[in-house]
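Asks: Input: one structure, supplied below.
The values are calculated or read from the model by the stated rules, or taken from the named source; none is laboratory data. Here the structure is a predicted model, which means the values were calculated and not measured. Neighbour counts are summed over all protein chains in view; Cβ atoms, including those assigned to glycine, are modelled from backbone coordinates with ideal geometry. Accessible surface is based on the protein model in full, side chains and every heavy atom, while ligands, DNA and RNA are left aside. Shrake-Rupley method; radii C 1.70, N 1.55, O 1.52, S 1.80 Å.
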Amino acid sequence: MHQVVAVKAKKVPVRERLRRCEQEAEKQQKVEEVAEKLEKECQGLIEFHKSYHELFQFFCNNTTIHGAIRLVCSKRNKMKTAFWSVLFFLTFGLMYWQFGILYRQYFSFPVNLNLNLNSDKLTFPAVTLCTLNPYRYSAVQKELDELDRITHQTLMDLYNYNMSLVQSNWAAQSTRKRSPRSLSHHVQRHPLRRHKRDEPASLKGNSPPVDKSDWKIGFILCNETNEDCFHQTYSSGVDAVREWYSFHYINILARMPNTKALDESNFENFIYACRFNEVPCDKANYTHFHHPIYGNCYTFNDGNSSLWTSSLPGINNGLSLLVRTEQNDYIPLLSTVTGARVMVHEQNEPAFMDDGGFNVRPGMETSISMRKETTMRLGGSYSDCTEDGSDVQVQNLYPSHYTEQVCIRSCFQISMVERCGCAYYFYPLPSGAEYCDYTKHIAWGHCYYKLQVEFKSNILGCFSKCRKPCEVTEYQLSAGHSPWPSSVSEDWVFHMLSRQNKYNITSKRNGVAKVNIFFEEWKYKTNGESPAFTVVTLLSQLGNQWSLWFGSSVLSVVELAELILDFIAITFILSFRWLRSCQLPASAVPTPGAHDNAAFQPEPSGPSAPHGFTVEAVVTTLSSSNSLELHGRDRDAEIGLE
């Protein structure tokens, strides 16, 4: 009886505890509902998805990219999901492959060539005419006497030709003494020799006579110690003699104090008549300079005065010149061509007669028709051209604006000064340098010819350094020849020339030449470049490809960018949480079986506690039905009470 009463006394606290647990569970459920409601009402400024799956599912459900929704709608059918996944990513890859092709085409910077025909007044170009008579023989006979004597002896030894018999009047024309500075020592260092083609040249005496087909003639240039020698050989004896004579002739010019004093600057002695647009020329229309090989040169319409313009094409609306081409006072070993040399070029360009000029035949009327053509290139990334040469790493030695030939020649001259210690006579003299002369620079010829080989093979890099100008004006020339004057009119023509210009040449036809230079047509061609693939074209092509593969717009690209940013943000957040969880100490993790609620702690036992059955209630996690069940001895106690 006593034990039954004790059980009833303990039953009331157990039921009360169960009731309290139910109340706490209901409160917890209400708290979660309120928290969920508050979470929906209070949205943050920036929110991210909780997982990659949730992010991808949201993107596929809401994006405007075609085909993405099928990845979600077909998730219950794994075969369709796999098919649409492969198709989606394959299409995505093909689109970006096309994007790569478009970007590669854009960054290749292609251009379109635009051809324009302009009809307007044409500015007449500059015209340079040279006498082909370098320093009249009578003026430099004193400096060339010894060189001529050595050359005569060399021709006798090599070819058994006595040149002095042909020029027997030289001694009568010149009563000057031999130059006190002898050339024999320097000529002996660079003699003209011949040898068989299959044998190397040597420094010994001239080779014995051989069959003419086996000859190879030239001269040897050695350094100061004669340890390194350069063989300059030619298959033609005429070329070898002229080159050898020119080499020594340059050294004579380099020693002369004032070469301008030898110029044939009398305009009337070379130009008998000059007209432009049927108007006579005057001294303001030309300038004079001297070329070491081509002699006295005159440049018409060089820009120092008002420029000539042509309103009409044709021979009567151009430049007409009557020039003197007599040969009795030429240097015979240097001037092997008769006539005159003419070149057409722009006003701000130097006249490189050996590059762009051509010869005018004596006794002929040469008519030269011109066609103007301007080429304008795009600079920057589209081509390696230069606007004014300021960005080219070569100093301009010419008093003119930048051209490719100006740059190349300046580059060679600068390399010549750096390597050989002196400057080549045919090119402008850099500041602080002097022209090469083997009385001062013994081995400059050896250095020059070896440097020229490196220059032509672009070892010096001059052709790489010198870039093309972005704007170039060229003149396409066509020439025609006819005998002048005719056989029926030559008598009165030469009679008039003898009265007006003191024309007293016995060989009449070989002493004069006529030149006509004019525009062929009253229009000129302009070749321009324009970008073939601009930014607008690139964006248009990218949009076409995007619409072709996905049928979307620019906003779809923004959605894709948002997906990438969200993916990066979620990755960063998850990584941060993982690192933070790894850094927490082990003591902060609660031990199993520990309870924070005091109601679930065991009751203290004392002497006053009544003896009897103790009912222990173990509370577990509530199921979804929120029901509480008694376990263990509580159920047995309830059965006992019943």
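Asks: When the residues of the stretch 464-483 are narrowed to those that are farther than 30 Å from residue 524 by Cα and of a type outside the set (Lys, Arg), which ends up surrounded by the most Cβ atoms within 10 Å (Cβ to Cβ)?
Replies: Result: 483.
Asks: Now for a separate question. Within the set of pairs 6+ apart or on separate chains, which have a first residue in the stretch 477-493 that is of a type in the set (Val, Ile, Thr), a second that is open to solvent by less than 40 Å² (accessible area, probe 1.4 Å), and C-beta atoms under 8 Å apart?
Replies: That search, which allows pairs on different chains as well, returns 493/485.
Asks: Then there's this: Inspect all residues belonging to the stretch 311-322 and state whether any of them is within 15 Å of residue 134 (Cβ to Cβ), modelled with pLDDT of 80 or more and not in a helix (DSSP H, G or I).
Replies: No, the stretch 311-322 contains no residue that is within 15 Å of residue 134 (Cβ to Cβ), modelled with pLDDT of 80 or more and not in a helix (DSSP H, G or I).
Asks: Related question: Among (1) outside any loop (DSSP other than H, G, I, E, B); (2) under 18 Å from residue 134 (Cβ atoms); (3) in contact with a helix residue (DSSP H, G or I) (Cβ under 8 Å, 6 or more places away or on another chain), which single condition is residue 338 missing?
Replies: (1)
Asks: How many of the residues in the stretch 546-602 are in a helix (DSSP H, G or I) and at pLDDT 50 or above?
Replies: Number of matching residues: 37.
Asks: Given the structure, is residue 406 among the β-branched types (Val, Ile, Thr) and either within 29 Å of residue 528 (Cβ to Cβ) or part of a loop (DSSP other than H, G, I, E, B) (or both)?
Replies: The answer is yes for residue 406.
Asks: Scan the stretch 436-451 and give yes if some residue there is over 15 Å from residue 410 (Cα atoms), open to solvent by 60 Å² or more (accessible area, probe 1.4 Å), touching a Cys at 6+ places or on another chain (Cβ under 9 Å) and part of a loop (DSSP other than H, G, I, E, B), otherwise no.
Replies: Looking for residues that are over 15 Å from residue 410 (Cα atoms), open to solvent by 60 Å² or more (accessible area, probe 1.4 Å), touching a Cys at 6+ places or on another chain (Cβ under 9 Å) and part of a loop (DSSP other than H, G, I, E, B), one finds at least one in the stretch 436-451, hence yes.
Asks: Further, regarding this structure: For the stretch 332-377, enumerate the residues that are within 19 Å of residue 511 (Cα to Cα), open to solvent by 40 Å² or more (accessible area, probe 1.4 Å) and polar (S, T, N, Q).
Replies: Of everything in the stretch 332-377, those that are within 19 Å of residue 511 (Cα to Cα), open to solvent by 40 Å² or more (accessible area, probe 1.4 Å) and polar (S, T, N, Q) turn out to be 336, 338, 359.
Asks: Here's a follow-up. Can you name the number of the only condition in (1) in contact (Cβ under 8 Å) with a residue 24 or more places away in the chain; (2) out of contact with any Pro (no Cβ under 6 Å at 6 or more places or on another chain) that residue 397 fails?
Replies: With respect to (1) in contact (Cβ under 8 Å) with a residue 24 or more places away in the chain; (2) out of contact with any Pro (no Cβ under 6 Å at 6 or more places or on another chain), residue 397 is out only on (2).
Asks: Kindly list the number of the only condition in (1) closer than 25 Å to residue 465 by Cα; (2) open to solvent by 20 Å² or more (accessible area, probe 1.4 Å); (3) of a type in the set (A, V, I, L, M, F, W, C) that fails for residue 423.
Replies: Result: residue 423 fails condition (2) only.
Asks: Continuing with the same structure: Could you tell me which of the residues 542, 497, 579 is among the hydrophobic types (A, V, I, L, M, F, W, C), surrounded by 15 or more Cβ atoms within 10 Å (Cβ to Cβ) and more than 44 Å from the chain's Cα centre (by Cα)?
Replies: Just a single option satisfies the conditions, and that option is 497.
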